[in-house]
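Q: I'd like to ask some things about the structure below.
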Amino acid sequence: MAVIMCSRNLIGCSCEYTLPLMLLLLVSMAPVSQGKHRRFNFVIDYMNVSRLCHDKTIVAVNGKFPGPTVRVKEGDHLIVNITNLVSDNVTIHWHGVRQILSAWADGPAYITQCPIQTNQSYVSRFRIVDQRGTLFWHAHISWLRATLHGAIVIRPRHKTRYPFVKPSYEYTVILGEWWNANVEDVIASALSTGRGYQIPDALTINGYPGALYNCSQHLTPVFNVKKDEVYMLRLVNAALNFQFYFGVANHRLTVVEADAEYTQPLARDIVVLSPGQTTNVLIRANQSVGNYYMAFTVYSPNSDTENVPFPTVPATAILSYNSSVAANISYDELELPTFPSFNDKLYVANFTRSLRGQSYKKGYYYYSIPTKIDYDLFYTVSYALQPCASCSTPPFPGQRLSASINNQTSALPQISLLQAYYNHVNSVYEAGFPDVPPYVFNYTGINSTDIPVSTLGTKVKILEFGKNVQIIFQNTHSLGYESHPIHLHGQNFFIVGTGFGNYNSSSDPSTFNLIDPPSRNTVAVPSGGWAVVRFTTTNPGVWYMHCHFDMHTSWGMTMAFIVKNGKEKDQILPPPPPDLPLC
């Protein structure tokens, strides 16, 4: 017999259904609905927009910025016809979608496919398996995702209940950046000089900077609410290079889902999102009728008051209790949310450690938390230097800034890794990506001046099917700390532990959460610290892993896993589709 437990919390009443173990196993083995076939057309073309008193032509999908929201249900089959009408080669990545047996549709350029060339099309086919919540899609080549991105909203299966109160309404809130310059020129300039990049001119909510920026007040987004109703905000950090604090003035936010996995309710005034992360929060409209700022600003742990390499003006929208007067808002009278300091590592660490997943035994997860480990990997994430004959700017003349994982700076191949692996093409990549860093030092020593000697190349780590993997990500002090958001394609992982300083293999495992850790596709490695993730290799293919700061991806903080086929028919990667783009 199922036991129904109900409780009242800050967001209302919710019920949890606790199933006996045998019944839970029967449910997990029962056939599921095959879902519907849902077709979408993505036309990538130029679009003229105006922001910050500046006219600009951007690359967009279907004439929208941000692009169209893809709305589906768990179990649905997606058929997306992508046509490229711009001069840049393009790919589309379905960020966070597990791509079970559909690695060919994942999208990162030169990893699972060659890019779609000008005036060419590609049909991306995949199914949403065992996921529900908010994810997003974006370009996955160079910096085109600055404007090529949009949300993915996945509804639960029919008659499946949320493990929280059902909201009255919901809004999608995409956090991004804006450059007046062409973003492809921005990254090209940074790579040619071997130094940093031009920071964006503004932050944006759903493509608009908001009332605190020039020429933007009349375009400030307005989200209408009714008194005492509960709303869901589907938050997406689509920014290229920044982590964010997000809040709504005078309102409490309750996190209920992260990266399309349910979480235990976590109430905070301010939530934190790294690039690539999505978070669903509930908000009750329980304040006096009026208008309130919704806003976000940058979290930058490696900055100080004299070194602020990011926009300091928050992006804003309006939460309005009275839509009829929204057009006559007195912006000067509104207050911003109270944000932590821009470099408050302790606030972020507390938020991260407080996030808990829904218990696997309650049926909200489809995969168990690995306890026996088959592959135990230790990966340093570091800044690095590479030789550069044309780079003469101090403090590293003759060298360019780069980045690495385990002292390996990744270089993209000329054809995709998945094509090379599937077709047994030699000399495209090397196996044997190191399990431990070849260069060992005091990784978080405050006075450390060690700069890793990184090797430029294309190496992969090959994993057998059905094995449990643990990765310890260790931040380093080389050229300065950063909280690197590491994203794994094709697989969520459980974040079982985080901490500051050097990881201690003797004492730190005792702090791991193996009961209800959050399941995510992106982990922010603490600045000057470490993070440990675990997953099981249930999906054959080639899976990219990289820092989701696009500058660091451009600098080579990337690698790839090859997961081999299993023994059963449903554990073998199908052949590539006939229209897979050519290089």
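The values are calculated or read from the model by the stated rules, or taken from the named source; none is laboratory data. Computed from a predicted structure; not experimentally measured. Note: ideal-geometry Cβ built from the backbone for every residue, glycine included; neighbour counts use all protein chains shown. For accessibility, only protein heavy atoms count, side chains too; no ligands or nucleic acids. Shrake-Rupley method; radii C 1.70, N 1.55, O 1.52, S 1.80 Å.
Q: Looking only at strands (runs of 3 or more DSSP E) that lie completely in segment 525-583, which have at least 1 residues being more than 26 Å from G466 (Cα to Cα)? Spell out how you get there, then give the answer.
A: Details: elements: 529-536, 541-547, 558-563.
Passing ranges, in order: 529-536.
Q: If a residue must be farther than 30 Å from C388 by Cα and of a type outside the set (S, T, N, Q), how many such residues does segment 546-583 contain?
A: Going through segment 546-583, the residues farther than 30 Å from C388 by Cα turn out to be 562-582.
Restricting the remaining residues to those that are of a type outside the set (S, T, N, Q) gives 562-564, 566-570, 572-582.
Residues meeting the conditions: 19.
Q: May I pose another question? Of all the residues that make up segment 110-125, how many are open to solvent by 10 Å² or more (accessible area, probe 1.4 Å) and either closer than 16 Å to V86 by Cα or in contact with an Asp or Glu (Cβ under 9 Å, 6 or more places away or on another chain) (or both)? Walk me through it before giving the result.
A: First pass over segment 110-125, keeping only residues open to solvent by 10 Å² or more (accessible area, probe 1.4 Å): 110, 117-121, 123, 125.
When the remaining residues are screened for being either closer than 16 Å to V86 by Cα or in contact with an Asp or Glu (Cβ under 9 Å, 6 or more places away or on another chain) (or both), the result is 117-121, 123.
Selection size over segment 110-125: 6.
Q: Restricting the search to segment 48-74, which residues are more than 22 Å from the chain's Cα centre (by Cα) and either assigned to a loop (DSSP other than H, G, I, E, B) or buried (at least 17 other Cβ atoms within 10 Å of the Cβ) (or both)? Don't jump to the end; show me each part of the working.
A: As a first pass, look at segment 48-74 and keep what is more than 22 Å from the chain's Cα centre (by Cα): 48-58, 62-63.
Those that are more than 22 Å from the chain's Cα centre (by Cα) and either assigned to a loop (DSSP other than H, G, I, E, B) or buried (at least 17 other Cβ atoms within 10 Å of the Cβ) (or both): R51, L52, C53, I58, N62, G63.
Q: Turning to a different aspect of this structure: Tell me the residue from G176, G196 that is in a loop (DSSP other than H, G, I, E, B) and in contact with a helix residue (DSSP H, G or I) (Cβ under 9 Å, 6 or more places away or on another chain), please. Walk me through how you get there before you give the answer.
A: Working: G176 fails: in a loop (DSSP other than H, G, I, E, B).
Exactly one residue qualifies, and that residue is G196.
Q: Show the residue pairs meeting these rules: Cβ distance below 7 Å; 6+ apart or different chains; first residue within segment 502-523 and assigned to a loop (DSSP other than H, G, I, E, B) and hydroxyl-bearing (S, T, Y); second residue modelled with pLDDT of 95 or more and open to solvent by less than 60 Å² (accessible area, probe 1.4 Å).
A: Matching pairs, first to second residue: Y503/I472; Y503/Q474; Y503/W530.
Q: Quick one: in segment 477-501, of everything that is more than 18 Å from Q277 (Cβ to Cβ), in contact with an Asp or Glu (Cβ under 8 Å, 6 or more places away or on another chain) and outside any strand (DSSP E or B), which residue is least open to solvent (accessible area, probe 1.4 Å)?
A: S478
Q: Sort through I199, I205 and tell me the only one that's among the aliphatic types (A, V, I, L, M), out of contact with any strand residue (DSSP E or B) (no Cβ under 6 Å at 6 or more places or on another chain) and under 30 Å from C53 (Cβ atoms). First the steps, then the outcome.
A: Working: I205 fails: out of contact with any strand residue (DSSP E or B) (no Cβ under 6 Å at 6 or more places or on another chain).
On inspection, the qualifying residue turns out to be I199.
Q: If you go through segment 127-168, how many residues are assigned to a strand (DSSP E or B) and either touching a Leu at 6+ places or on another chain (Cβ under 8 Å) or under 19 Å from I100 (Cα atoms) (or both)?
A: Taking segment 127-168 and keeping what is assigned to a strand (DSSP E or B), we get 127, 133-139, 149-155.
Filter again for either touching a Leu at 6+ places or on another chain (Cβ under 8 Å) or under 19 Å from I100 (Cα atoms) (or both), leaving 127, 133-139, 151-155.
Selection size over segment 127-168: 13.
Q: OK, next. Is there a residue in segment 104-123 that is among the acidic types (D, E) and either more than 26 Å from A411 (Cα to Cα) or touching a Leu at 6+ places or on another chain (Cβ under 6 Å) (or both)? Outline the logic, then answer.
A: Step one: of segment 104-123, the residues among the acidic types (D, E) are 106.
Then keep just the ones that are either more than 26 Å from A411 (Cα to Cα) or touching a Leu at 6+ places or on another chain (Cβ under 6 Å) (or both); that gives none.
No, the conditions are met nowhere in segment 104-123.
Q: Could you list, ordered by first residue, the pairs with Cβ atoms under 6 Å in which the first is in segment 162-189 and more than 30 Å from L282 (Cβ to Cβ) and the second is open to solvent by 50 Å² or more (accessible area, probe 1.4 Å) and among the charged types (D, E, K, R), at least 6 apart or interchain?
A: Once the first residue is more than 30 Å from L282 (Cβ to Cβ) and sits in segment 162-189, its partners that are open to solvent by 50 Å² or more (accessible area, probe 1.4 Å) and among the charged types (D, E, K, R) give W179/D201; N180/D201.
Q: Sticking with this structure for a sec: Could you say whether any residue in segment 433-453 is modelled with pLDDT of 95 or more and assigned to a strand (DSSP E or B)?
A: No, segment 433-453 has no match at all.
Q: Moving on. Looking at segment 175-196, can you tell me whether even one residue there is crowded, with 20+ Cβ neighbours inside 10 Å and among the hydroxyl-bearing types (S, T, Y)?
A: Within segment 175-196, none of the residues are crowded, with 20+ Cβ neighbours inside 10 Å and among the hydroxyl-bearing types (S, T, Y).
Q: Follow-up. Name the single residue that is nearest to S483 (Cα to Cα) among those in segment 383-404 being touching a strand residue (DSSP E or B) at 6+ places or on another chain (Cβ under 9 Å) and in a loop (DSSP other than H, G, I, E, B). Please lay out each step first, then the result.
A: Looking only at segment 383-404, we keep the residues that are touching a strand residue (DSSP E or B) at 6+ places or on another chain (Cβ under 9 Å), and these are 383-388, 390-391, 396, 398-404.
Still in the running and in a loop (DSSP other than H, G, I, E, B): 388, 390-391, 396, 398.
On the way: C388: 26, S390: 30, C391: 27, F396: 23, G398: 27 Å.
Across segment 383-404, the extreme among qualifying residues is F396.
Q: V440: farther than 22 Å from T91 by Cα, out of contact with any helix residue (DSSP H, G or I) (no Cβ under 7 Å at 6 or more places or on another chain), touching a residue at least 12 places away in the same chain (Cβ under 8 Å) and of a type in the set (A, V, I, L, M), yes or no? Can you show your working first?
A: On the way: farther than 22 Å from T91 by Cα: yes; out of contact with any helix residue (DSSP H, G or I) (no Cβ under 7 Å at 6 or more places or on another chain): yes; touching a residue at least 12 places away in the same chain (Cβ under 8 Å): no; of a type in the set (A, V, I, L, M): yes.
Judged against the criteria, V440 is not a match.
Q: Right, another one. Suppose the filter is hydrophobic (A, V, I, L, M, F, W, C), touching a helix residue (DSSP H, G or I) at 6+ places or on another chain (Cβ under 9 Å), closer than 24 Å to L401 by Cβ and buried (at least 23 other Cβ atoms within 10 Å of the Cβ); does W530 pass it?
A: On the way: hydrophobic (A, V, I, L, M, F, W, C): yes; touching a helix residue (DSSP H, G or I) at 6+ places or on another chain (Cβ under 9 Å): yes; closer than 24 Å to L401 by Cβ: yes; buried (at least 23 other Cβ atoms within 10 Å of the Cβ): yes.
When the stated conditions are applied, W530 passes them.
Q: How many residues are touching a residue at least 40 places away in the same chain (Cβ under 8 Å) and either more than 18 Å from T371 (Cα to Cα) or of a type in the set (D, E, K, R) (or both) when one looks only at segment 474-501?
A: Adding up the residues that qualify gives 19.
Q: Within segment 401-460, take every residue that is closer than 29 Å to A105 by Cβ and of a type in the set (D, E, K, R) and give me the one that is surrounded by the most Cβ atoms within 10 Å (Cβ to Cβ).
A: The residue in question is K459.
Q: For segment 223-266, enumerate the residues that are open to solvent by 10 Å² or more (accessible area, probe 1.4 Å), within 29 Å of N302 (Cα to Cα) and of a type in the set (F, W, Y).
A: Matches in segment 223-266: F242 only.
Q: Taking N286 and the conditions (1) within 27 Å of T220 (Cα to Cα); (2) modelled with pLDDT under 95; (3) surrounded by fewer than 18 Cβ atoms within 10 Å (Cβ to Cβ); (4) not aliphatic (A, V, I, L, M), which numbered condition does it fall short on, given that it satisfies the others?
A: Of the numbered conditions (1) within 27 Å of T220 (Cα to Cα); (2) modelled with pLDDT under 95; (3) surrounded by fewer than 18 Cβ atoms within 10 Å (Cβ to Cβ); (4) not aliphatic (A, V, I, L, M), the odd one out for N286 is (2).
Q: Let me ask something else. Taking F296 as the residue in question, decide whether it is open to solvent by 10 Å² or more (accessible area, probe 1.4 Å) and either among the aromatic types (F, W, Y) or in contact with a Gly (Cβ under 9 Å, 6 or more places away or on another chain) (or both).
A: Working: open to solvent by 10 Å² or more (accessible area, probe 1.4 Å): no; either among the aromatic types (F, W, Y) or in contact with a Gly (Cβ under 9 Å, 6 or more places away or on another chain) (or both): yes.
So F296 does not fit the description; no.
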